[in-house]
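Each reported figure results from applying straightforward, stated rules to the coordinates on display, with no laboratory input. All figures in this text were calculated on a predicted structure; none of them were measured in a lab. Note that each Cβ is placed from the backbone with ideal geometry, even for glycine, and that neighbours are counted across all protein chains shown.
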Amino acid sequence: MIYGGIEAGGTKWVCAIGDGPDDLGDVVTFPTTSPEETLARAVDFFASNGSIAAVGVGSFGPIDIRPASPTWGHITTTPKPGWADTDVAPALARALGVPVAFDTDVNAAALGEHRWGAAVGLDTFCYITVGTGIGGGGIANGRLMHGLLHPEFGHMRIPHDRDRDPFDGVCPYHGDCFEGLASGEAIRARGGSAADERMWGLEAEYLALGLVNVICTVSPERIVIGGGVMKQPELLRLVRTRLCELLAGYIRAPELDGGFDDYLVAPALGDRAGVLGSLELARTVA
Ligand code: ADP
Ligand code: ZN
């Protein structure tokens, strides 16, 4: 079976056809412009590429994934201009005439990593991206994490020492929440130089604080952490070190031995985790 997958990001959309990493056909990327234009480009891509059994969409959010909701498949309260209350999944289903599965970008990436990547065989794990914003999701007890809406790891409140970091934060809702202080956008807005080691020390501190909360609430067997900011050399190592210090030996498990090297890991599928996971999401509704 051949599926369609869309990693629907706030900056760009990535569309692919195939059924996994060894069979990834065409992949196209285009910028996220208006909803009409962006959806039309996705529809054109799939319509001109033969028959697909279903489409999976991993979307930026917040999104409505409550199955019984009249606005299921919509992007809801996003601050991204023009995109609040946008019909995404039902519109694609109508245009393409195939079932469409819809979940968060991070849950899709988690599904990809669970099927083919760094989380194969795990029952409970988290996938976190630190890019323009911060998002988190994953699988708990074998099922993608849903609930009231879906997890919003990026908007946790974390300690903010204003003597060390007077920056107010960039979240339009909360200012200095986790994403407000530690996202790529926060790093850019704070204006530090990428060559400044103190800046990366601060970034590692915030990421470790957020991860402590995730570990203490969700009890993941592993955390996969990706996104553009994590490409900064040495950042992952700094976060592991600080995380270990902050947990202070309280949580004892063999998975945490060895300096967290096998516990806090980069996505094995790299930048393809989201779009591959979207293909896997499609399989669930085909
Ligand atoms: P998005 O979150 O928009 O989907 P990315 O995950 O690629 O996209 O993240 C983009 C963010 O990552 C930007 O804020 C950018 O400055 C930052 N970034 C990208 N590459 C690097 C790098 N090599 N080192 C540090 N930060 C990076
Ligand atoms: Zn926030």
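For the chain, what does the helix formula give at 222 nm: sum of -39500 (n - 2.57) over DSSP H segments with n ≥ 4, over the residue count, nearest 500 deg cm²/dmol?
On the way: 8 runs with 91 residues, N = 286.
After summing the helix terms and dividing by the residues of the chain, the value is -9500 deg cm²/dmol.
Sum up the charges of everything whose Cβ sits under 11 Å from the Cβ of Arg242, counting Lys and Arg as +1 and Asp and Glu as -1, but leave Arg242 out. If you can, show how the numbers build up before the last one.
Details: positive: Arg237, Arg240; negative: Glu203, Glu205, Glu245.
Here the count lands on -1.
When only Cα pairs under 8 Å and 6 or more residues apart are kept, what is the percent relative contact order across the chain? Walk me through the numbers before you get to the answer.
Details: 588 pairs, mean separation 65.9, N = 286.
It comes to 23 percent, rounded to a whole number.
Could you give the distance between the Cα centres of the range 41-63 and the range 93-124, to the whole Å?
13 Å
To the nearest Å, what is the center-to-center distance of the range 65-90 and the range 245-283, using C-alpha atoms only?
29 Å
May I ask you to evaluate 6.51 cos²θ - 1.76 cosθ + 1.60, the Karplus curve with θ = phi - 60°, for each residue of the range 52-64 and list the ³J(HN,Hα) values in order in whole Hz, giving x for glycine and proline?
10, 7, 6, 10, x, 10, x, 10, 5, x, x, 10, 9
Could you list the chymotrypsin sites (Phe, Trp or Tyr not before Pro) in the range 88-189 that lie in coil according to DSSP, counting only those with at most 13 other Cβ atoms within 10 Å of their Cβ?
Working: sites: Phe102, Trp116, Phe125, Tyr127, Phe153, Phe167, Tyr173, Phe178; in loops: Phe167, Tyr173.
Sites meeting the loop and neighbour criteria: Tyr173.
How far is the Cα center of the range 155-217 from the Cα center of the range 1-39, in Å?
Cα centroid of the range 155-217 versus Cα centroid of the range 1-39: 30 Å apart.
Between Ala266 and residues 5 or more places away or on another chain, which pairs have amide H atoms under 5 Å apart, with H built 1.01 Å from N, and which residues are they?
Those qualifying (amide H under 5 Å, at least 5 residues apart or on another chain) are Ile225.
Does anyone have the angle between helix 35-47 and the longest principal axis of the chain? Alpha-carbon axes, 0 to 90°, nearest 10?
So the inclination is approximately 60 degrees.
Relative contact order for the range 118-266 using alpha-carbon pairs under 8 Å, separation at least 6, rounded to a whole percent? Can you show the working numbers first?
On the way: 224 pairs, mean separation 40.1, N = 149.
About 27 percent, as a whole number.
Through the Karplus equation 6.51 cos²θ - 1.76 cosθ + 1.60, θ set to phi - 60°, convert the phi angles of the range 242-247 into ³J(HN,Hα) values in whole Hz; use x for Gly and Pro.
For the range 242-247, the Karplus-derived couplings read 5, 4, 4, 5, 5, 6 Hz, x marking Gly and Pro.
Listing Met156, Met1 from the residue with the fewest other Cβ atoms within 10 Å to the one with the most, what is the order?
Met1, Met156
Which of the GluC sites (Glu not before Pro) found in the range 196-286 are loop residues per DSSP with 10 or fewer other Cβ atoms within 10 Å of their Cβ?
Details: sites: Glu197, Glu203, Glu205, Glu221, Glu234, Glu245, Glu255, Glu280; in loops: Glu221, Glu234.
Taking the range 196-286 and a limit of 10 other Cβ atoms within 10 Å, the loop GluC sites (Glu not before Pro) found are Glu234.
Bin width 10 Å, alpha-carbon pairs only: give the P(r) of the range 1-86 as whole percents, running from 0 to the bin holding the largest distance.
Distribution as computed: 17, 47, 31, 6 percent.
With +1 on each Lys and Arg Cβ and -1 on each Asp and Glu Cβ, and nothing else charged, work out how big the dipole of the range 136-206 is about its Cα centre, in Debye to the nearest 20.
I would put it at about 260 debye.
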